[in-house]
Amino acid sequence: MADFGTSLDRRRFLKLCAAASAVTALPLATRPAQAKASAVYWLTWENLAKAEYLAPYLAAGGVPITKGFIGSDDEQFAKLRAGGGSEWDLITPGIDKAELYIASNLLQPLDLSKIPNAAHLYAPFKTSPLGKKDGKTYNIPFYWGINPIVYRADLMDKEPDWSTLFEGEKYKGRLAMRDYALEGIVISALYVGIPRDKLFKMGAKELAECKKALLAQKKLLRTYWNSIGDLTNLFASGEVVCAFSWVPPYYDLKARGLNMGMAKPKQGVIGWCDSLAIPAQSKPEGVEAAHALINYLLGPEYGKLLAVGGPYAQSTDIARSSLTDEQQERIFVKDLGVMDSFVWKENPANYGDWVRLWNEVKAS
Amino acid sequence: MASLEDTRRKEFAVLATPAVLFVGAFCIAPLALLFLYSFYRVDFVAMVPDLNLRNYATVVTSETYRTLIGKAMLHGALVAGFTAVLAYPLAFFIAMRVKVYKAALLTALLIPLYTGDLVRIFAWRVVLGAEGILNTFLLWIGATEQPIMALLFSTGASLLVLTYNYLPFMVLAIWIALELLDRSLLEAAADLGAGRFRTFRHVVLPLTLPGVLVGALMVFALVIGDYLTPQLIGGSSGVTVISAIHDLFGAAFDWPLGGAIAWVLMAVLVTLIAALATLALRSRLGRALLRTR
Amino acid sequence: MERSESELSGDAGDEGAQSPLLVARNLTKDYGPVRAVRSVDFTLRHDSFVTILGPSGCGKTSILRMIGGFEAVSGGELTLDGVDITAVPANRRPVNTVFQQYALFPHLSVRDNVAFGLRMKGRTAEMAKRVDEALAIVRMEAMADRFPAQLSGGQQQRVALARAFVNQPRLLLLDEPLSALDRKMRKHMQIELKELRQRLGMTFFYVTHDQDEAFALSDWMIVMNHGVIEQQGAPQDIYRRPANAYVADFIGGANLVPVTVMAKRDGVAGADTPMGRIECPCAAGVAAGSTAFLCLRAEHLVLSPAATARAFDGVVTHVIFQGDSKIVEVEGAGRRLTLTAAGTDGVEPGSAVRVGFDDAHAWIVAG
C-alpha cells in the first residue's frame, strides 16, 4: 500500500547481506524434515500484523510468527527475485502482480484442503483467474478495498467524478493524482471510455488516447502524490481539494473535523486486493505452518478485528454477519452488488510501455 | 630482511585492502552488473541476455529521457551557481570575521542537515503553501489578492528548496578554502596598495576558486541525485531522471532500460566533470594553483 | 663611521638640514592586557639601513607591523616625512614590506607578483619597464614567467624584494627576511641586501634576532627587550659602549665582572675590581656607590699578558677549537670568563693561566 520506499535500497541491501550469509550457512543448517516449525516467517504490511489481530491465533497454539515488513509491492518482488524466498514462509503480494511471481517460479501451489476458510471467499474472488495457473492456486485473496476519489466537501460544490480530475478547470491547480502509472493510466482509460474488458489490454492506439488525456490533466494538477500521509497533509492544508486517493485520508480528516467527501465514480472504481502466497523455497514445516496461518487470516476472528481496526475487508464473508451495518458500510460490504462495478487491478502485459508513457507525461 | 620499501608496500596493502574491497564489492560490482544488464532485453519477468544496443537507442532517441537528463544537468548547474553566490559571503564572514563563535556558527549551519530531508521539505511546504506563511503574509499586506500558487509545487520552488538543502555543503567547501588561505597574502596585497575590494578580486577569489569548484561539483552531483525534493516540492513537473529510473527498476521491472539510462546519465556526468576538470587544470590559474603546496 | 657620544642618548642625529624620514613618538602596542611595545621613541634617517634587534617577543615585529599598517597603533604616533600616518591604512602608506615567509601570490607568475603593486596603483604605462628593471636588479629576469612554487627559497626571497622595492617606497620594511634560508645563502643574501640598498638609496627597516646579521647590515641599530628600546646607535658604538648589562650581554656576549663604583665624573668611573682599582669610561646609568659591571670583550682578554698589563690568575675549564683560533673558558676574578686566543698550544682544561687586558678596552655598565 504505502508505496513510499525511501529506505528501500538500504533494506534491500541488508536483506541481500542476510541472504548471502544464509546461503553460506545452508549445508550446516538443514532442518529435520516434517518437524513442527518453531516459527512461521511472514513478510507483510505492518498494519496487517498488529499484535492484537494475531492474539487469538497465538492463544489457540499457533506457531509463533516472525514478521517482516514491506515498503512497496515492487520491493517485495525484488526481494524474492534476489533470492530472498528461502527466508519467508508467507508473503503478501498484490493479486494483480500474482502472475509475475508465478511466472518467475517464486511460488508454490497452495493446498486448499488445509485452508477450509477459503470456501467462504466472496464470489468475485472465487471466480477470478488471478493467482491461478494450470488449475493450481498460488495466490489466495487476503483483503481488499477500493481507491476512491476523496475531496474536501467544504470546498467543492458537487460530488466529483473522474471527469473532474480531467476537466475541472474550476479547481485548476488544486487537484492531485497518485504518482503511479497503473492507476493513473487506468483512470484516464475510464475517463476516455475504454471498455472495461480492455482496460488492461490496451494497445498503442488506446494508450495514445490516454496519454492525450493525461497531458491535458497535468496542467490542472497541483502535484502527483507519493505517500498517503503526504496527500492527507495536502488535503488538510487546502493545497489539494480533490484527488484520486486511498480511503484513509477520508476517515483521518473527518476525525479531525474536516468536512470530507468520498466519491465512487459510476464509470468504475479501482479495486485492489492483496493476496497470500507461499514462496517456492519454503521448507515443508514452514509450508505447513503457513497454511494454518492463512486459514486464520481468512477466518472470523481476524476478519472482525481487521474490519474494526483497519478498516479493511478480508476476502471471505465469514466475519460479515458479526459486523454492524455501519462497520459493513465502512468496508464496502453492506451492499455486495457494488463489488461488480469495481475494476480489479491487473498487471498489463505491456506494463513497460505504460511506465514509459507515464514518465513521458510527467516529463512533458 | 625486508627492506623499508617492502614494509611500506605491505603496510599500504593492509591499509588499502578494506577500502578497495568495499568499493569493489558495493560500488564497482553493482555498477558493472548494471552495465551488463543494460544490454539485456526484458521478456515479461525474465531478463534475456540477448545482448544489443536497443536500450541505448531508446534512451538517445526518446525525447523524454533526453529532456530529463538535460533537466538534471541544468538544475544541478543552476543550484550549484545559486549556492555558490549565497555561500560565498557567508563562508567569508565565518572564516574572516568570526573568531569566538566560529565552531558554534558552523554547527548551526549544519543543524538543518541533521533534521532529515523530509522534515525540511515539509517545513518549506508550511512556508510556501497556498495557505502558507508567505502567502498569508502577502495577502495580509495586500501585495496580492489571490494566494500565489507557484510559490509551491513549481520548478522554482524545487530549485529554492534544493538550494537551501545543499547550501551547507557549499559553505563548508568555501569556508575550508578560505581558512586555508594564507593571511599574510592579504597583508601583502594591502601592503602593495590593494584596497579591500581589489584584494578580494585579485587574491582571495582566485585562490579560493578551487573551493568553489569542489563545492559546485558536490552540489551538482547531490542535486542530480535528489529525486525526493523535486517530487514533493516540484509539483506535477517534479519528475527527475532518477525517479524515472526508479520507476523502471521498480514498477516496470525494466532493469535493462533503467540501467541504460543510468549509464548514459553517468557518462554525461563524468564527461562533463572531466571536461571541467581538464579545463580548470589546463588554465594558467589551474596550473599555478596545482603547483602550490 | 664613528659617532659622537651624544648620539647614544637616542636621537638618530639628523644629517644637516634633511628632516628625518620617520619619527615614532611614544609608540605603544597592546594585545589585550599585554603591552608588547612600551612607549618607544625613535627616528629613521633617509638613505640608511636600520636594524631592529632583540630576542623573540621583544616587540620588534610589532613595531614593523605598526609601521606597515598591519597592526593598529595603541598609543603614540608615527610620522612619515612629516605626515602623520598613525591612522592611514596599509594600502595607502608609501611603505612596502618583505614578509618573513615572502607571502608571494601563488597564483601569479613572478612577473605578475612584481607588477602587483604598480597595477594596484594604476601605473600600467611604466609597469613593464619597471618590472623588468626590478627583476634585472635581483637577477630574476630569466624566471619571470615561473610561479612561486617553482622557485627556491633564495629566488623567492629575491622576488619578494623586487615586488616591494619596485614601488619605490620611502621605506622598505623587512621582517626577518633571511630566517628561512640556510646559513650560506643567508651570508650571500646579506651582501646582496646591503648592495641593493645602496643602489636604491632608500631606507631599509630590518627586523632580526640575529646580531651577526644586524652588525653585517646596519648603519643604525635599535636593540629591544621586553617592549622597550635598550639602546640605539651605530653598531660599533653599541658594541664598544653598551648602555647596560643587558645590551652588553646580548650583543657579543661580553664578560661582565661585578665591581663597586667608587666615584664617577664626566663619564669616567673609578671602581674597585678583583684586579685592583680601575678608572675607565662608563655608561649613563652608572652611579657612585653602586654595584656595576666591568664589561670585557672576549677578544680583549689575552693569555700570558705583558707584565705592565692588568692581569689576574685563572684556571682553564673548557677549550673549544675553532680552526684558526680557540675559545677558552677560564675561571678567575670570581667569574667564568670567555676569551678568544690564537696559537695557544698547551692550553687545556686544568691549566693555570694568567689573563690580562688593557685598561683602554675597559667599560663599565650599570647592573
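The values are calculated or read from the model by the stated rules, or taken from the named source; none is laboratory data. This one's a predicted model, so the numbers in the text were calculated from it and none came from an experiment. Backbone-built Cβ (ideal geometry, glycine too); neighbour counts: all protein chains shown. Accessible surface areas use protein heavy atoms only, side chains included; no ligands, DNA or RNA. Shrake-Rupley method; radii C 1.70, N 1.55, O 1.52, S 1.80 Å.
Numerical summary
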| read-out | value |
| --- | --- |
| Which numbered condition C:R45 misses (of (1) without any contact (Cβ under 8 Å) to a residue 60 or more places away in the chain; (2) charged (D, E, K, R); (3) in contact with a Leu (Cβ under 7 Å, 6 or more places away or on another chain)) | (1) |
| Any hit, the stretch A:288-308, residues being farther than 20 Å from A:L43 by Cα, within 14 Å of another protein chain (Cβ to nearest Cβ) and crowded, with 19+ Cβ neighbours inside 10 Å | no |
| Meets criteria (surrounded by fewer than 20 Cβ atoms within 10 Å (Cβ to Cβ), within 14 Å of chain B (Cβ to nearest Cβ) and under 30 Å from C:Q231 (Cα atoms)) for C:P55 | no |
| Hits in the stretch A:237-255 - residues which are within 14 Å of chain B (Cβ to nearest Cβ) and assigned to a loop (DSSP other than H, G, I, E, B) | A:S237, A:G238, A:E239, A:V240, A:V241 |
| Within the stretch B:187-204, considering residues that are among the aliphatic types (A, V, I, L, M), part of a helix (DSSP H, G or I) and facing another protein chain (nearest Cβ under 10 Å), the one farthest from C:S109 (Cα to Cα) | B:A190 |
| Filtered residue count, the stretch C:274-285, keeping only those that are part of a loop (DSSP other than H, G, I, E, B) and open to solvent by 10 Å² or more (accessible area, probe 1.4 Å) | 4 |
| Boolean, C:S290 is within 30 Å of C:K264 (Cβ to Cβ) and in contact (Cβ under 8 Å) with a residue 12 or more places away in the chain | yes |
| Residue count for the stretch B:116-159, restricted to those that are touching a residue at least 60 places away in the same chain (Cβ under 8 Å) and away from chain A (no Cβ under 12 Å) | 3 |
| Number of the condition not met by A:T232 [criteria: (1) touching a strand residue (DSSP E or B) at 6+ places or on another chain (Cβ under 8 Å); (2) β-branched (V, I, T); (3) outside any strand (DSSP E or B)] | (1) |
| A:A98 surrounded by fewer than 16 Cβ atoms within 10 Å (Cβ to Cβ) and assigned to a helix (DSSP H, G or I) | no |
| The stretch C:97-126 - residue that is open to solvent by 10 Å² or more (accessible area, probe 1.4 Å), touching a residue at least 60 places away in the same chain (Cβ under 8 Å) and at the interface with chain B (Cβ under 7 Å from one of its Cβ atoms) and, of those, nearest to the chain's Cα centre (by Cα) | C:F99 |
| Residue match in the stretch C:253-273 (condition: part of a helix (DSSP H, G or I) and exposed (fewer than 15 other Cβ atoms within 10 Å of the Cβ)) | no |
| When residues of the stretch C:179-203 are limited to those that are at pLDDT 90 or above and not in a helix (DSSP H, G or I), the one most open to solvent (accessible area, probe 1.4 Å) | C:G201 |
| Residues of the stretch C:87-108 satisfying the condition of being on the phi < 0 side of the Ramachandran plot, among the aliphatic types (A, V, I, L, M) and in a loop (DSSP other than H, G, I, E, B) | C:A87, C:V88, C:L104, C:L108 |
| Scan of the stretch B:185-216 for residues that are of a type in the set (D, E) and open to solvent by less than 20 Å² (accessible area, probe 1.4 Å), ordered by number | B:D191 |
| When residues of the stretch A:180-213 are limited to those that are in a loop (DSSP other than H, G, I, E, B) and either of a type in the set (G, A, S) or open to solvent by 10 Å² or more (accessible area, probe 1.4 Å) (or both), the one nearest to A:E167 (Cα to Cα) | A:G193 |
| Odd one out for A:D252, checked against (1) at pLDDT 95 or above; (2) open to solvent by 10 Å² or more (accessible area, probe 1.4 Å); (3) within 29 Å of B:L151 (Cα to Cα) | (1) |
| Matching residues in the stretch B:148-171 - criterion: being touching a Leu at 6+ places or on another chain (Cβ under 9 Å) and of a type in the set (V, I, T) | B:I148, B:V161, B:T163, B:V171 |
| Top-ranked residue of the stretch A:323-364 - restricted to ones that are more than 14 Å from chain B (Cβ to nearest Cβ) and surrounded by fewer than 14 Cβ atoms within 10 Å (Cβ to Cβ), ranked as nearest to A:Q267 (Cα to Cα) | A:D340 |
| Conditions (1) away from every other protein chain (no Cβ under 12 Å); (2) within 29 Å of A:Q76 (Cβ to Cβ); (3) modelled with pLDDT under 90; number of the one not met by B:I224 | (3) |
| Per-region count, the stretch C:66-86, residues more than 14 Å from chain B (Cβ to nearest Cβ), open to solvent by less than 50 Å² (accessible area, probe 1.4 Å) and assigned to a loop (DSSP other than H, G, I, E, B) | 2 |
| Options A:V338, A:V333, A:V343, A:V355: the member that is touching a strand residue (DSSP E or B) at 6+ places or on another chain (Cβ under 7 Å), under 24 Å from A:P195 (Cβ atoms) and modelled with pLDDT under 95 | A:V343 |
| Subset of the stretch A:170-228 that is hydroxyl-bearing (S, T, Y) and in contact with a Cys (Cβ under 8 Å, 6 or more places away or on another chain) - its residue that is farthest from A:P249 (Cα to Cα) | A:S188 |
| Residue check for C:D237: part of a helix (DSSP H, G or I), closer than 30 Å to C:F42 by Cβ and free of Cβ contacts under 8 Å to residues at least 24 places away in the same chain | no |
| The stretch B:42-56 residues that are closer than 17 Å to A:I102 by Cβ, paired with ones that are polar (S, T, N, Q) and open to solvent by less than 60 Å² (accessible area, probe 1.4 Å) (beta carbon under 6 Å, 6 or more apart) | B:V45/A:S104 |
| The listed residue being among the polar types (S, T, N, Q), closer than 21 Å to C:A248 by Cβ and open to solvent by 30 Å² or more (accessible area, probe 1.4 Å), out of C:T338, C:T317 | C:T338 |
| Selection within the stretch A:53-77 - outside any helix (DSSP H, G or I) and either within 14 Å of another protein chain (Cβ to nearest Cβ) or farther than 19 Å from A:G94 by Cβ (or both) | A:A60, A:G61, A:G62, A:V63, A:P64, A:I65, A:T66, A:I70, A:G71, A:S72 |
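Here is a yes/no grid of residues against (1) assigned by TED's automatic domain parsing to the domain that holds C:R65; (2) of a type in the set (A, V, I, L, M, F, W, C); (3) within 28 Å of C:C58 (Cα to Cα):
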site	(1), (2), (3)
C:N113	yes, no, no
C:V138	yes, yes, no
C:L172	yes, yes, yes
C:D175	yes, no, yes
